[in-house]
Amino acid sequence: MPQTLSLEEFDARYAPPAVQPRTLTLEQFDAREDAPAGGRFADEPQGLEGIIRSLDTRSEDRERQRSELLSTPRPAEEPGFFAHLGRSGERGFRSLQQLRNLYGMQLGEDPETNIARIAELERVKRSLPASEALQKFGRAKTFDEAFGAFLDAPLDVSGNLAVESLAQFATGLLLAAGVG
């Protein structure tokens, strides 16, 4: 009888080790052995203070410019429509790869390798957040909520769903087009 695992047990058994990206400060980057001579760009202003100094050399204007730059609100980091479409396409492609691994197990390929690959692909898919409109559409509990979320951003919801589905079923569509 096949063994049933919870998601936590599955992740604990098959998850590859997590790799944390290494973050360097500008000084650490410039101090590397393979860094260009003279630092990143020796003649360019460094950081916010360098930009302020390059704007104007008069001290009273520099202080005013500094306060304006520091008080300017930063725009939200929400990706645009086309970035979300790209993420939807990648999520769909990762789903297609997961299906390939499932079929591979049915055809006799090594289950351990395929299960580990499926788990890795699922983690990649979860790291690609959908647009806020698509998340709202997906969280809807009733038809009215889902329809309301769709009406709030119909292009966003339908576009992302179409791209993700197209990427997921691209192989089948290509094979059908070749046969027909």
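Nothing in this text is a laboratory measurement; each read-out follows from the coordinates by a stated rule. Computed from a predicted structure; not experimentally measured. Virtual Cβ from ideal backbone geometry, glycine too; neighbours counted across all protein chains shown.
What to note about this one:
- Under 13 Å, Cβ to Cβ, from Leu151 - net charge with Lys/Arg +1 and Asp/Glu -1: -3
- Summed residue charge, Cβ within 12 Å of Glu122's Cβ, Lys/Arg positive, Asp/Glu negative: +4
- Note on segment 75-157: Kirkwood radius taken over Cα pairs, Stokes-Einstein applied at 10 °C and 1.306 mPa s, translational D equal to 109 µm² s⁻¹.
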